[in-house]
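Structure in structure tokens, see below.
The values are calculated or read from the model by the stated rules, or taken from the named source; none is laboratory data. Values in this document were obtained by computation on a predicted structure and should not be read as measured data. Glycine also receives a Cβ, built like all others from the backbone with ideal geometry; neighbour counts cover every protein chain displayed. What goes into the accessible areas is simple: the full protein's heavy atoms, side chains included, and nothing from ligands, DNA or RNA. Shrake-Rupley method; radii C 1.70, N 1.55, O 1.52, S 1.80 Å.
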Amino acid sequence: MSSATLTIDLDAICANWRALDAQSTSETAAVVKADAYGLGADRVARALAKAGARTFFVAIAEEGAALRQALGPGPVINVFSGHMAGDADMIGDMDLVPMINSLDQMIRHVEALPGHPFGVQLDSGMNRLGMEPAEWAATREVALSQAPTVLMSHLACADDPDDPMNRQQLECFRDMTADTGVPLCFANTGGVLMGPEFHFDLTRPGIGLYGGLPFADAQPVVTLDIPVIQCRDLEPGETVGYANTFTATRPTRIATVAAGYADGIHRAMGAKTHMLADGAPCPLAGRISMDLIGVDVTDLGYDPKSLQLLGREQGIDVLADNAGTIGYEILTALGSRYTRRYLGG
Ligand SMILES: *Cc1c(COP(=O)(O)O)cnc(C)c1O
């Protein structure tokens, strides 16, 4: 096989969902936006629905429509971007629930789809989406008269439980939702981990399901095995790859593997990253190219058929650190050229 293989463990995703669900008495939804953080929303959501998830969140209506096709009728599909112009038919036909972000969206929604369910997104300080306190004060009465299904807000700093912003947002969300009688939804993965005060009626973890920080106890979900195309011997002084950033200091064996930055393997991770042959780490040699990476396999003593970049030994957050980014970006950057293999579900 010439393509690299991305293996996605659906049972691990479900186990992570159950572990986060066990931390609260509220309902636990699942965030499957951006194709379930790059892992395949159809397969992931179907596995989670089987495991008991009844509510899903996506970023935009198109994602919701695709998800409805995959899940069929029944599960609740909430859309963070709310009711955008031109989306009324999709929202209506596909039974999506927009999280209304503004008075304009509110008017658009009740005019186009009177009686159709909606939630309201409130801005408690992140200044990204949702109504700010003044706008909410003006909209609140009309909105509540239409019986929203949920009031939600989003934490800006939940990956750091000690950040004072978390409590400020909690207070703001409490103030804005007091005496509404509507189910409340506040916690992403980090919010779930911060404890019951943050849980309200519905939690909505994303990254923790997929094995990423801040859920340190998550089961790893992805492995990435990349086939070796060719191996060669270098004399001391010979170099590897663009701009000669690797120079052999001893007789060296280099394996060239079939993936690169076009597959989401960020160039910036090169210097600190290795690949594994049956658990033995082999350092990258030279720059990561678009479709190819050189690996120093001298100390292995044999030519491996394939090398592993992601797995139990080296997870998404290690690669993220090496690249100066976050696990979310490592996952969502994973390319479309991989052969995808699903375990369990
Ligand atoms: C992405 C997202 C989530 C999920 O956050 P994680 O940190 O991945 O758990 C929850 N709510 C909103 C509004 C989001 O955009």
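Give a residue-ordered list of calculated ³J(HN,Hα) values for region 28-33 (Karplus: 6.51 cos²θ - 1.76 cosθ + 1.60, θ = phi - 60°; whole Hz; x for Gly, Pro).
10, 8, 9, 8, 10, 5
How about LYS33: which lysines have a C-alpha closer than 29 Å to its C-alpha, ignoring those fewer than 8 places off in the same chain?
Within reach: LYS50.
Run lengths n ≥ 4 of DSSP H only: what is the helix-derived mean residue ellipticity at 222 nm for the chain, with -39500 (n - 2.57) per run over all residues, to the nearest 500?
-8500 deg cm²/dmol
Let me ask you something else. Rg and Dmax of region 115-171, using alpha carbons, in Å: what are they?
12.9, 42
Let me ask you something else. Considering only the chain, what is the antiparallel percent among its DSSP beta bridges, to the nearest 5?
The antiparallel fraction comes to roughly 55 percent.
Run the accessible area of region 222-343 with a 1.4 Å probe and give the carbon-and-sulfur part as a rounded percent. Kindly include the intermediate steps, with their values, before the conclusion.
On the way: 2960 of 6050 Å².
Carbon and sulfur together cover 49 percent of it.
How would region 188-345 be classified by its alpha-carbon gyration tensor: rounded, prolate or oblate, with rounded meaning a/c under 1.5 and the a/b versus b/c comparison settling the rest?
Since a/c reaches 1.5 and a/b is larger than b/c, the shape of region 188-345 is classed as prolate.
Okay, next question. Using packing as a proxy for protection, rank 240-246, 254-260, 180-186 so that the peptide with the highest average count of other Cβ atoms within 10 Å comes first. Can you show the working numbers first?
Working: 240-246: 15.3, 254-260: 22.1, 180-186: 18.9.
Put in order of decreasing packing, that is 254-260, 180-186, 240-246.
List the residues, sorted by chain then number, that are 5 or more residues from PHE57 or on another chain and whose placed amide H is less than 5 Å from its amide H.
For PHE57, the qualifying residues are ALA30, VAL31, VAL32, ASN78.
Within a Cβ distance under 9 Å of VAL297, other residues only, what is the Lys/Arg minus Asp/Glu net charge?
Details: positive: ARG253; negative: ASP296, ASP299, ASP303.
Taking every other residue near VAL297 into account, the sum is -2.
Tell me the trypsin sites (Lys or Arg not before Pro) within region 1-110 that lie in a loop according to DSSP and have at most 14 other beta-carbon atoms within 10 Å.
Here the sparse-neighbourhood loop sites are ARG54.
Along its three principal axes, how long is region 10-210 when you only count alpha carbons? Whole Å, largest extent first please.
Largest to smallest, the principal-axis extents are 45, 42, 25 Å.
Relative to the first principal axis of the alpha-carbon coordinates of the chain, what is the inclination of helix 165-177, with its axis defined by its Cα atoms, in degrees from 0 to 90 and to the nearest 10?
Tilt of helix 165-177: around 30 degrees.
Quick one: Karplus J couplings for region 291-307, per residue in order, coefficients 6.51, -1.76, 1.60, θ = phi - 60°, nearest Hz, x for Gly and Pro?
So the J values, rounded to whole Hz, are 10, 9, 9, x, 10, 7, 9, 3, 6, 5, x, 8, 8, x, 6, 8, 10.
Let me know the whole percent of all Cα-Cα pairs from the chain that are separated by more than 29 Å. If you can, show how the numbers build up before the last one.
Numbers: 27387 of 59340 pairs.
Every Cα pair in the chain considered, those over 29 Å come to 46 percent.
Right, another one. Roughly how many debye, to the nearest 20, is the charge dipole of the chain about its Cα centre, given +1 on each Lys and Arg Cβ, -1 on each Asp and Glu Cβ, and no other charges?
Dipole size: approximately 820 debye.
Also, I was wondering about something else. Treating the angle as unsigned and between 0 and 90°, give the value, to the nearest 10°, between the Cα long axis of helix 103-112 and the longest Cα principal axis of the chain.
Helix 103-112 sits roughly 80 degrees off the main axis of the chain.
Let me ask something else. Given a cut-off of under 8 Å on Cα pairs at least six residues apart, what relative contact order in percent is computed for region 10-210?
21
Short version: ³J(HN,Hα) in whole Hz for each residue of region 89-95, in order, from phi by Karplus 6.51 cos²θ - 1.76 cosθ + 1.60 (θ = phi - 60°), x for Gly and Pro, what are they?
4, 5, 4, x, 5, 9, 6
A further question follows. Protein chains only, probe 1.4 Å: how do THR249, THR55, THR332 rank by accessible area, largest first?
THR249, THR332, THR55
With a 1.4 Å probe and every protein chain kept in, tell me what percent of the accessible surface of region 1-129 is carbon plus sulfur.
C and S atoms contribute 52 percent here.
How far is helix 41-51 tilted, in degrees, relative to the longest principal axis of the Cα atoms in the chain, given as a value from 0 to 90 rounded to the nearest 10?
Helix 41-51 and the main axis of the chain meet at about 70 degrees.
Can I ask one more? Pull up all non-local amide H partners of LEU310: gap of 5 or more, or a different chain, and H-to-H distance under 5 Å with H placed in the peptide plane.
LEU224
How big, on average over all directions, is the shadow cast by the Cα convex hull of region 37-144, in nm²?
7.3
LYS305: which lysines have alpha carbons under 27 Å from its alpha carbon, excluding same-chain residues fewer than 8 sequence positions away?
Candidates past the 8-residue exclusion: LYS272.
What does the accessible area per residue of the chain come to in Å², with a 1.4 Å probe and no ligands, DNA or RNA counted?
I get 44 Å² per residue for the chain.
Which of the listed residues, TYR342, THR239, ALA320, is farthest toward the dipole's positive end in region 222-343, when Lys, Arg count +1 and Asp, Glu count -1 at the beta-carbon?
TYR342
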